[in-house]
């Protein structure tokens, strides 16, 4: 077939992906092979793959494809996360566009709309995963709201509640006013901002309750919360305020008298040394309030507007109210002044434009301390290995050593509804169904009010509970935090919670490697390890590989709001999936952030075309094979001494790189492995090997050399396939006819013998010699058509290289260890001297200058090595192999200096 001028991805990629699917190469069933299991970090069902996902999925596919080719039973489980906050917001917006308010719907009706939305848009991300070439097992697609998964989440909630690890109570939590739900501490992202500090005067009442004529000044960043103040606090050692014991302050705007309290918590040197205490709106104030038995006045509604308890500006948005409160204070003569102030403000991770409010709320919490211990030990003991460990181990340990209880309830409808059922008296039972909860109520004996975790006012009796009916019970309307479902992901994708100990779980769990972003090290990674240790008593994965953050060329995190994140499908349309994969992997060192630049995708496209041109060159030779000693075209390749040096050298170079790639994969240095393969193909194979074996114009190529060349090309495509699966599969099939089922996707890497270092060194010497002689020709302006005479002064065996040197340097004759003619120009490569002479007179002055420069460098290098060897402390403390290496450097330098001096002497 006639090959196109350049490689065209669109003509290849979809066909090969469908072929792999038809052959079911990605599908896994337990067998006698060792499993290589990866579970995809489930992307939100709401979205599309951004560049961080693209990096993550490409890393996973590279590992999975390599494992498949290494003989493992590779199982990559795809799926998505229901993303309760983000998805509910999308559905609410969709309903508003139709003129429907969420509040007008029943829960069941809303969930129908949510599932319809999920069915319509949830597949977008899967289509992108396909376009990227990801070899996931599509029979195993999981979703965190699947029926079995839903039941698993409910089951672990009940289990943990039964163990006393889940409790319900009123605590200060983080509140997202836009989503109207609680958030965990980890879902708050803090930003450094320049804020305003407002200095406000509070009138004072003396011990008798009469106006004293004095004021106390406080500084606050949030004047809109003043109406919730229930005390003013000062340090007991502050001389300025000692006389205020027993006095009260009057809260501005609402004229509420509140006590002056004394506590060491207040820093007398900060601000005015006086602190307004608003227990409902600040965690530290809340703790002070508990200590001093202060009332709690919540002045905010769940949507961030001022509540009736604020008394003024009721219904106004909190930030609108701030401006109005400041204006009112100023008008009343109570605003002393303002100043700029550097502060940290918490924003909702799910609604990045929304400032989080501290709020007292009754929520469900999971005790984390007992769960954190085994998860910390799993990493400290090396049961779970983190890569790169030097960068992320400390972060992991810090989180788990300072863990706090986890607020797991969310005030939403989209998600797993909390399995707690409340009786009319406020008591509750935790159960999977209302029928089970009713049975538990009816089985109760007479007990005090509030038993069972509720807060019942009247005494509850066994008779009252026995009279309950199912319709009397009300299920908690809240749902569970999305992370509470995804922390069992490696277990429940194999039905490990709903079908404990099943055969697939035993085969695939623990999984092999988790690839994820560093930003969810605690959100997800640590919690999955906790869940694995708690529910399976076994780690969920052997290794964790953290990718870096993908940033734009200016170093900014890619985001929709900045408009700096490219569309993946657009990139694939323009560059192809392989080039996109190449571009992001070549720039992604383990764990480090990468600066995304489309130039790297262009590099990938150029690499594709380089491979394509190499294929066209090799296919041109197919019909130009000459018989060899082993027979005619297609005969068995020659081996040993009968091989041309080029073939033998590349065979050993290929072995060397395959060993390097295996070692780099073992250390998860995937970008370095790709660079190594890229250099092997672009430089060693295309630029050197193919040129060395290329026959002359209209001349035949040895059938043995051709057969070896095709074999090398095969092996190179095997090496590259995990990174660039489409073009490698295409070239693999175009190189020669393949039997049915002989596809690169499932080709098995065959172990090779270690390389011969002597042959590798000879090959490196040959490349350097050719390059140096070509440089000398260019400097002397010797035309390409002009043949030179070449002399070699060496003690090394170079007989097998002579023909290549002659061919690649344009030499008419090559002389070994004979004196060059007068007027020849010298070149030194290592310890070997070369001299070349052209038909015209050459300028030896250029060569003298270069040789003198090289000689000066070698003398300086020798001096530095001799100083190191002359240092007694270094010699006494260094390992023997280090000393030996320095001695070899000295010997090499001495040999090079001798050769350079001899060549300079020869030039006069």
- Task: Find how much the distance from residue 894 to residue 124 grows on full extension, using 0.36 nm per residue of separation minus their present alpha carbon separation; answer in nm with one decimal.
- Result: 270.6 nm
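What fraction of the DSSP beta bridges in the chain is antiparallel, stated in percent and rounded to the nearest 5?
So the antiparallel bridges in the chain amount to around 70 percent.
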- Tell me, 138, 413 in order of fewest to most beta-carbon neighbours within 10 Å? 138, 413
- Query: When DSSP assigns beta bridges and you keep just the ones with both residues in region 227-337, what percent turn out antiparallel, to the nearest 5?
  - Reply: 75 percent
- Task: Take the Cβ-Cβ distance between residue 806 and residue 905 as r, set R0 to 35 Å, and report the resulting FRET efficiency rounded to the nearest 0.05.
- Result: 0.85
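For region 30-88, what is the convex hull volume of its Cα atoms per residue in Å³?
It is 70 Å³ per residue.
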- Query: In degrees between 0 and 90, to the nearest 10, how far off the longest principal axis of the chain does helix 107-121 point, with axes built from Cα atoms?
  - Reply: 10 degrees
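Hey, could you grab the Kirkwood Rh for region 680-745? Inverse mean 1/r over distinct alpha carbon pairs, Å, one decimal.
12.9 Å
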- For region 264-379, go through all pairs of different Cα atoms, get the mean of 1/r, take its inverse, and jot down that Kirkwood value in Å. 17.6 Å
- Percent of Cα-Cα pairs per 10 Å bin, from 0 to the last occupied bin, for region 780-906, please list those. 12, 35, 28, 16, 8, 2
- Answer check: region 600-755, Cα atoms, Kirkwood Rh, Rg/Rh ratio of 0.95
- Once you wrap a convex hull around the alpha carbon atoms of region 181-359, what is its projected area averaged over all directions, in nm²? 10.3 nm²
- Item | Helix 13-22 axis, angle to the chain major axis (alpha carbon atoms, nearest 10°) | 70 degrees
- Alpha-carbon Rg with Dmax, taken over region 792-840, Å: 10.6, 31
- Message: On a full-extension model of 0.36 nm per residue, what is the gain between residue 440 and residue 872, subtracting their alpha-carbon distance, rounded to one decimal in nm?
- Response: 147.4 nm
- Item | Debye-sum result for region 170-218 in log10 I(q)/I(0), which assumes one identical scatterer on each alpha carbon, at q = 0.16, 0.31 Å⁻¹ | -0.73, -1.11
- Message: What number results when the radius of gyration of the chain, computed over Cα atoms, is divided by 2.2 N^0.38 Å?
- Response: 1.27
- Message: Which order do the peptides 303-313, 778-788 come out in when sorted by mean C-beta neighbours inside 10 angstrom, highest first?
- Response: 303-313, 778-788
- In whole percent, the Cα-Cα distances of region 24-130 spread across 10 Å bins from 0 upward as 13, 35, 24, 17, 9, 2
- Message: Give me the one-decimal Kirkwood hydrodynamic radius in Å for region 218-307, with the sum taken over alpha-carbon pairs.
- Response: 13.4 Å
- Task: Using only Cα atoms, tell me the angle between helix 844-869 and the longest principal axis of the chain; keep it within 0 to 90° and round to the nearest 10.
- Result: 60 degrees
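Just so you know, all these numbers are worked out from the coordinates, no wet-lab data involved. Predicted model, so just to flag it, every value in this text is computed and none were measured. We place every Cβ from the backbone using ideal geometry, glycine too, and count neighbours over all the protein chains shown.
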